[in-house]
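Here is the structure we will look at, set down as structure tokens.
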Amino acid sequence: MRVSSVTLRNFRNYKEESFQPHPAVNIITGPNAQGKTNLLEAIFYSLRGRSFRAERDKDIIRWQSEQTILQTEVELNSRTFLLHWKIQEGNKKLLVNGAETPRSELDYLGVVLFCPEDLYLIKGSPQERRRFLDYDVGPLNPAYSRTWRQYARVLTQRNTLLKEIRDRRATREILEIWDEQLYRHGAKVIFLRLQVLKKLIPIARRIHYELTRGDEELQAKYLSSLVLEPGLNEEQIYQIFAAASQKVRNMEIQRCQTLLGPHRDDLSLLINGIEAKTFGSQGQQRTVTLSLKLSQLELWFKEYGDYPLLLLDDVLFELDRNRQSMLLDRVLNRVQTFITASFTGGIEETIRGAGALWQVNAGCLTKKEEF
């Protein structure tokens, strides 16, 4: 898969810009706060229907503008898709090849993002790893994103109802309606997470072994708020969820929170059997993160027969030379890659013959050279 053209209108600090990326590696340089990350954000938004930085769509609309237009041409499996986004505060519309299309239909378009915040994936809070499960790992299964959105909506409604029951503005009987949906969607979320991790982790383990030249073995454990045995099917997880929830019902009402479910789960990552979060060095933690990101690329290729895009936002030079080389060796001439950085660090020589250099200044993009 590759992006052949991108047009931005009133996106962040870009008034209007259009460019045709190189099919291999695109290095985007320039001083800070000029629009490098904004460009990657526009590509990501086009393919995912959301920002990886802004919580609200209105934050991506250029100052004193009423709407943002994004138009991206994508080539996939010998077909061309023209994605046209019209984004206004409180409203957005997607056209694919001229036909209005729901955002959920974009899950077939693959994109892997690696940004500085991902370096906290290992040592950060459980919320960071849940975001990895929901936004990075989950979409590797076409059914995941829709299931997670359904679960999140039910969870919000149920928490509101718990508060109303505590305040005696609603009865417990109403809770049963939401419970059934919570257990069904929650069991499916957990089941799909486990299915994808079952495929992803062996790939990450192999990559990590190669990155560390055989010195380290990566392991992962899914830490559920439910007591789960290996190999359970979706219905069995549902039954366990329903039974466990009954036992904490009074506490949930007191705290106005749903205490069990995939929204409280975590992922434990270990190096040679030792918890990477607590005992791993910064270098080891970054290697684990890199292994996970590279495994996403490989699993997407294994599942769909094509590589997704790779967006490296100001993160390449956070890695040492050895990890930089290993990363670039794996993506050159296989994965269309976009790299933002304040300086090039001499990587032009590494990718010579397979890339282009772009410079951003005050929301204006200029192609400097192709090599």
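The values are calculated or read from the model by the stated rules, or taken from the named source; none is laboratory data. Being a predicted model, the structure only gives us computed values, none of them experimental. Methodologically, a virtual Cβ is constructed for each residue, glycine included, from the backbone with ideal geometry; neighbour enumeration extends over all protein chains shown. These accessible areas exclude ligands, DNA and RNA; they are computed on the full protein's heavy atoms, side chains included. Shrake-Rupley method; radii C 1.70, N 1.55, O 1.52, S 1.80 Å.
Pairing residues of segment 199-212 that are at negative phi with residues that are buried (at least 16 other Cβ atoms within 10 Å of the Cβ) and of a type in the set (Asp, Glu), at Cβ distances under 6 Å and at least 6 apart in sequence or on separate chains, gives Ile203/Glu298. Within segment 80-104, residues that are over 16 Å from Asp59 (Cα atoms) and in a strand (DSSP E or B) have Cβ atoms under 9 Å from residues that are among the small types (Gly, Ala, Ser) and open to solvent by 50 Å² or more (accessible area, probe 1.4 Å) in these pairs: Leu82/Gly98; His84/Gly98, counting only partners at least 6 apart in sequence or on another chain. Restricting segment 154-211 to residues that are more than 23 Å from Leu269 (Cβ to Cβ) and among the β-branched types (Val, Ile, Thr) leaves a set whose member that is most open to solvent (accessible area, probe 1.4 Å) is Ile177.
Can you find a residue that is in contact with a Cys (Cβ under 7 Å, 6 or more places away or on another chain) and modelled with pLDDT of 90 or more anywhere in segment 106-129? Write out each step before concluding.
Going through segment 106-129, the residues in contact with a Cys (Cβ under 7 Å, 6 or more places away or on another chain) turn out to be none.
No, the conditions are met nowhere in segment 106-129.
Condition test on Asp266, is it more than 19 Å from Leu133 (Cβ to Cβ), in contact with a Lys or Arg (Cβ under 9 Å, 6 or more places away or on another chain), in contact (Cβ under 8 Å) with a residue 60 or more places away in the chain and open to solvent by 10 Å² or more (accessible area, probe 1.4 Å)?
Numbers: more than 19 Å from Leu133 (Cβ to Cβ): no; in contact with a Lys or Arg (Cβ under 9 Å, 6 or more places away or on another chain): yes; in contact (Cβ under 8 Å) with a residue 60 or more places away in the chain: yes; open to solvent by 10 Å² or more (accessible area, probe 1.4 Å): yes.
Taking the combined requirement at face value, the residue does not satisfy it.
Residues in segment 114-135 that are open to solvent by less than 40 Å² (accessible area, probe 1.4 Å) and acidic (Asp, Glu): Asp118, Asp134. Among the residues of segment 176-228, those that are part of a loop (DSSP other than H, G, I, E, B) and among the acidic types (Asp, Glu) comprise Asp215, Glu216, Glu217.
Within segment 58-72, the presence of at least one residue that is within 24 Å of Ala354 (Cβ to Cβ) and either open to solvent by less than 20 Å² (accessible area, probe 1.4 Å) or at pLDDT 95 or above (or both) is confirmed. Note on segment 342-367: residues that are among the small types (Gly, Ala, Ser) and within 19 Å of Glu17 (Cβ to Cβ) amount to 3.
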